[in-house]
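These notes are about the structure you will find just below.
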Amino acid sequence: MSYTEKIVQPGETVRFHSRVHWIIYVRGIVIIVLGVVVAVALQQLDSNTGGFSVPSLVAIAIGLVIGGFSLLSAWWRRLTTEVAVTEHRIVFKRGFIRRHTFEMNMSKVESVHVNQSMAGRIFDYGDIVIRGVGSSFEPLRTISRPLEFRNFVSAG
């Protein structure tokens, strides 16, 4: 059961639910691929040996370790982050043990800003900033379907 489902009040339904976009995995994948490319290049430069040379094995190991940690971090961030819109409020939750949440009543929302890069437009992700009466929301970064989110908030 998601955090949003646990906190929904009687008679309140979730109109929109999103999470961090899958694009956050790209950094880890690129690091692993670069490690392999560097290892292959080093192996080509040192073609005397029959097996893998030590520098190429080190390049692969470094790429796998750093890329693996990046992928694991991205997976955890995606797993533990939720964004939802109900009829009455906007809910944002990040974290597992050390949880960070924001809630804003729909009646307090002044505006919703969506920032998308070119890649964000192509792959449908972006950063969202919600401005409320007398306060502002922390930017919600790399959220899937940000325009759909804005439409649900604006229609609310």
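Evaluated against (1) modelled with pLDDT of 95 or more; (2) more than 30 Å from N105 (Cα to Cα), A41 falls short on exactly one condition, (1).
With respect to (1) of a type in the set (V, I, T); (2) farther than 26 Å from P10 by Cβ; (3) surrounded by fewer than 18 Cβ atoms within 10 Å (Cβ to Cβ), the lone exception for T101 is condition (2). Of the strands (runs of 3 or more DSSP E) lying entirely inside region 65-145, those containing at least 1 residues that are under 19 Å from Y25 (Cβ atoms) are 81-86, 89-94, 125-132, 140-144. Checking each residue in region 5-50 for being in contact (Cβ under 8 Å) with a residue 24 or more places away in the chain, over 30 Å from F152 (Cβ atoms) and exposed (fewer than 13 other Cβ atoms within 10 Å of the Cβ) picks out only V33. Of the candidates S53, S107, the single residue that is among the hydroxyl-bearing types (S, T, Y), more than 16 Å from the chain's Cα centre (by Cα) and not assigned by TED's automatic domain parsing to the domain that holds R121 is S53.
Between V54, V85, V58, the distinction of being aliphatic (A, V, I, L, M) and under 28 Å from E5 (Cβ atoms) belongs to V85 only.
Consider region 132-150 and keep the residues that are over 20 Å from the mean Cα position of the chain (by Cα) and not hydrophobic (A, V, I, L, M, F, W, C). The one that is surrounded by the most Cβ atoms within 10 Å (Cβ to Cβ) is G132.
Scanning region 70-104 for residues that are in contact (Cβ under 8 Å) with a residue 24 or more places away in the chain and of a type in the set (F, W, Y) turns up W75, F92, F102.
The values are calculated or read from the model by the stated rules, or taken from the named source; none is laboratory data. Bear in mind that the values here come from a model prediction, so they are computed numbers and not experimental data. Cβ atoms come from the backbone with ideal geometry, glycine included; neighbour counts cover every protein chain shown.
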